[in-house]
1. Whether any residue in the stretch 98-108 is free of Cβ contacts under 8 Å to residues at least 40 places away in the same chain and under 26 Å from residue 164 (Cβ atoms) is what I want to check.
2. Just the residues that are assigned to a strand (DSSP E or B), open to solvent by less than 50 Å² (accessible area, probe 1.4 Å) and among the hydrophobic types (A, V, I, L, M, F, W, C), please, taken from the stretch 138-196.
3. What residue, among those in the stretch 1-33 that are within 24 Å of residue 64 (Cα to Cα), over 13 Å from the mean Cα position of the chain (by Cα) and at pLDDT 80 or above, is most open to solvent (accessible area, probe 1.4 Å)?
4. Looking at residue 67, is it among the hydrophobic types (A, V, I, L, M, F, W, C), farther than 24 Å from residue 163 by Cα and at pLDDT 95 or above?
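The values are calculated or read from the model by the stated rules, or taken from the named source; none is laboratory data. Keep in mind it's a predicted model, so treat the numbers as computed, not measured. Glycine also receives a Cβ, built like all others from the backbone with ideal geometry; neighbour counts cover every protein chain displayed. For the accessible areas, the whole protein counts, side chains as well, though only heavy atoms, and no ligand, DNA or RNA atoms are used. Shrake-Rupley method; radii C 1.70, N 1.55, O 1.52, S 1.80 Å.
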Amino acid sequence: MSKSILYMSMSLDGFIAGPNDTEAQGLGTDGMVLHDWLNLSGSGTDLSFAPEGESRRIFDEMMSTGAVLTGRRTFDHGGHWDGDHHDGVQIYVPTRDEPPEHEWENVHYVTDGVESAMRQAKESAGGRDVMVHGAELTQSLLRAGVLDELEIHLVPVLLGEGRRLFDGLGPQHIDLEVVRVLEAPGVTHIRYRVVS
């Protein structure tokens, strides 16, 4: 059965991007350090990834997902991944705004809520998991009770400022259960299951 899993790199003080994150600088000032564990090389959208150790296992899990559900800001700041996050999977982008015109057949702007977007993503995933991206989207999915797991790539750095993953979540109490902890060079991968 398909699960929805947030995959997010985060600093020890809870930031997923540095300050001044824009479409031109998606991870903000100094935010790229959060993705050093991916062992990136290349430039623009022509990147290659060579994670090592247990990080390779996590990367392979991410790339085996059958659909992507992403926040609008994340999608825009990521340059829309040129319409292909990985392997041509369907990409769902919940939005409150008028969907922009685009040329990608596999990109779907969803205007009737995150529950609908998640349902569509799981249906298109063909039994594989759904990869989730984005802070505001994550908070909305948690409030709606439709996020199954969180895979946090905890990076040993204190950014001090920027965009936090759980700012704005509100007072709702949400229990998590640790499912797995994997140590790798420069990162600790922690998988949580959403209990309530």
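1. Looking through the stretch 98-108, none of the residues is free of Cβ contacts under 8 Å to residues at least 40 places away in the same chain and under 26 Å from residue 164 (Cβ atoms).
2. Correct list: 150, 152, 154, 155, 182, 184, 187, 190, 194.
3. The qualifying residue most open to solvent (accessible area, probe 1.4 Å) is 32.
4. Yes; evaluated as a whole, the condition is true for this residue.
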